[in-house]
1. Would you mind working out the accessible area per residue for the range 36-97, using a 1.4 Å probe, and quoting it in Å²?
2. Reachable lysines from LYS30, Cα under 29 Å, same-chain residues fewer than 8 places away excluded?
3. Using all alpha carbons of the range 1-59, what is the percent of pairwise distances in each 5 Å bin, ordered from the shortest bin to the longest?
4. Heavy-atom accessible area of ASP72 with all protein chains present, probe 1.4 Å, nearest 10 Å²?
5. Counting only protein heavy atoms and using a 1.4 Å probe, what share of the accessible area of the range 1-71 belongs to carbon plus sulfur, as a whole percent?
6. Provide the solvent-accessible area of LYS93, counting protein heavy atoms only and rolling a 1.4 Å probe, rounded to the nearest 10 Å².
7. Label LEU73 and PHE21 with points 7 Å out from Cα along Cα→Cβ: what is the distance between them in nm?
8. Quick one: accessible surface of VAL47, probe radius 1.4 Å, all protein chains present, in square angstrom to the nearest 10.
Amino acid sequence: DKYRIPIDTITFHWGLYNFAFVGVVSIFYKIGIPSNITQLYLVLTSVILAWQLSHFDVWTTWCLLVMLALYDLCAVLTPWGPLKALVNLMSQKDSPDMPGLLYEAQLPPGTQRPGRPSNDPPPPASPTSPASSEGTPYH
């Protein structure tokens, strides 16, 4: 009622389906979709959620935010929390790719995710003289 956007049911459902489908493919499958689309989808989803939270009563919103903050503190800071379990799972050598569950960073070329075996041979060791490497105190 407030915005009065003229749209029929078929077009609304078609747009909603396409938004959901592109979002799922961009986050979980990444088949031919650039990372900008994935980041845009995540930002739009966060904006939609924040907009929905703005329609709650003040006390309901504050209670939800406090409970979410407490859960986040427990999930991040406790050694038995779900974040610790995910990080431990992802650091194993044969761990599956789990996009969407952990934040992903675009690593520079030549680097890899910790715990994954590298296909590249290790770089050659640089020759050092024994006098320079022995007895050197670390400051």
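The values are calculated or read from the model by the stated rules, or taken from the named source; none is laboratory data. Nothing here was measured: the structure is a model prediction, and the numbers come from that model. Cβ sites come from the backbone with ideal geometry, for glycine too, and all protein chains shown count toward neighbours. These accessible areas exclude ligands, DNA and RNA; they are computed on the full protein's heavy atoms, side chains included. Shrake-Rupley method; radii C 1.70, N 1.55, O 1.52, S 1.80 Å.
1. 83
2. Partners found: LYS84, LYS93.
3. It works out to 4, 16, 17, 19, 19, 13, 8, 3, 0, in whole percents.
4. Here the residue's solvent-accessible area equals roughly 90 Å².
5. Here carbon and sulfur together make up 75 percent of the probe-accessible area.
6. 150
7. 4.4
8. Rounded to the nearest 10, that gives 90 Å².
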